[in-house]
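Please read the structure below before turning to the comments.
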Amino acid sequence: MSKTYPPSSSIVSGAHVDGASYDAMYARSIEDSDGFWAEQAQ
């Protein structure tokens, strides 16, 4: 059994992306890896 520990509100408020943005970015990185990483490099 593994445990998870949610981040504190101060960590969440200082994050660069929220959960929905992360999910979208992850999906794009899988679907269009070259395009995604070219964007990130800019």
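The values are calculated or read from the model by the stated rules, or taken from the named source; none is laboratory data. These figures come from a predicted structure and were not determined experimentally. Virtual Cβ from ideal backbone geometry, glycine too; neighbours counted across all protein chains shown. What goes into the accessible areas is simple: the full protein's heavy atoms, side chains included, and nothing from ligands, DNA or RNA. Shrake-Rupley method; radii C 1.70, N 1.55, O 1.52, S 1.80 Å.
Of the listed values [x] -0.72, -1.06; [y] -0.51, -1.07; [z] -0.60, -1.11, identify the label whose number matches log10 I(q)/I(0) by the Debye sum over Cα atoms at q = 0.19, 0.33 Å⁻¹ calculated from this model. Correct label, based on the coordinates given: [x]. For the chain, the share of accessible area belonging to carbon and sulfur comes to 57 percent (1.4 Å probe, ligands and nucleic acids excluded).
Taking the charge dipole of the chain about its Cα centre, with +1 at Lys and Arg Cβ atoms and -1 at Asp and Glu Cβ atoms, the residue from GLY35, SER2, GLY19 reaching farthest to the positive side is SER2. From its DSSP helices (H runs of at least four residues, each -39,500 (n - 2.57)), the chain gives a residue-normalised ellipticity at 222 nm of -18000 deg cm²/dmol. Only four residue types carry charge here, +1 at the Cβ of Lys and Arg and -1 at the Cβ of Asp and Glu. Report the dipole size of the chain about the Cα centre in Debye, rounded to the nearest 20. Its charge dipole is roughly 320 debye.
Between SER9 and SER33, the C-beta separation translates, for a Förster distance of 25 Å, into a calculated FRET efficiency of about 0.15.
Here the peptides 14-21, 27-34, 2-9 are ranked by packing, the mean other Cβ count within 10 Å, and the order with the highest first is 27-34, 14-21, 2-9. With protein chains left intact and a 1.4 Å probe, residues in the chain average 94 Å² of accessible area per residue.
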